[in-house]
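One structure below.
The values are calculated or read from the model by the stated rules, or taken from the named source; none is laboratory data. No experiment lies behind these values; they were computed from the predicted model shown. Here the Cβ positions follow ideal geometry from the backbone for every residue, glycine too, while neighbour counts run over all protein chains shown.
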Amino acid sequence: MILVVNPPKNITVVPEVPAEIINDVAEVDIVTINDNTVDEVKAVVNIGGFNKVYVLWDATTNPTYEQIGNWTQAQANARILELL
């Protein structure tokens, strides 16, 4: 599923030194979203050929995990854009 990034962003996809930064990312590809654990929801997002894992909601560090309940695709998309 392609997610449009508007306005485009510069995104660090590999945090090692030197960092791999993709400039002017206008769209990302959501590879998968996994909520099969009891305390977090993760997404794998492909950015310029690199897969990056984002924790969308985590019960141990983010109180919104319990509030999110049965999340929707729109909520997941918004959270991914927020984390980029």
**Prompt:** If you go through region 64-79 one residue at a time, how many are modelled with pLDDT of 90 or more and either in contact with a Gly (Cβ under 9 Å, 6 or more places away or on another chain) or surrounded by 12 or more Cβ atoms within 10 Å (Cβ to Cβ) (or both)?
**Reply:** 5
**Prompt:** So Asp24 clears everything in (1) on the phi < 0 side of the Ramachandran plot; (2) out of contact with any Phe, Trp or Tyr (no Cβ under 7 Å at 6 or more places or on another chain); (3) in a strand (DSSP E or B) except one condition, right? Which one?
**Reply:** (1)
**Prompt:** When you go through (1) within 15 Å of the chain's Cα centre (by Cα); (2) closer than 19 Å to Gln75 by Cβ one by one for Val13, which number turns out not to apply?
**Reply:** (2)
**Message:** Being of a type in the set (A, V, I, L, M, F, W, C) and part of a strand (DSSP E or B) narrows it down to one residue among Val17, Val53; which is it?
**Reply:** Val53
**Complete:** Residues of region 40-50 being surrounded by fewer than 14 Cβ atoms within 10 Å (Cβ to Cβ) and outside any strand (DSSP E or B), in sequence order, are Gly49
**Asked** Does Val28 satisfy being of a type in the set (Val, Ile, Thr) and without any contact (Cβ under 8 Å) to a residue 12 or more places away in the chain?
**Response** no
**Message:** Anything in region 36-81 that is out of contact with any helix residue (DSSP H, G or I) (no Cβ under 9 Å at 6 or more places or on another chain) and among the charged types (D, E, K, R)? List them, or say none.
**Reply:** Lys42, Lys52, Glu66
**Asked** Which of the following residues is among the hydroxyl-bearing types (Ser, Thr, Tyr), assigned to a loop (DSSP other than H, G, I, E, B) and surrounded by fewer than 13 Cβ atoms within 10 Å (Cβ to Cβ): Thr61, Thr32?
**Response** Thr61
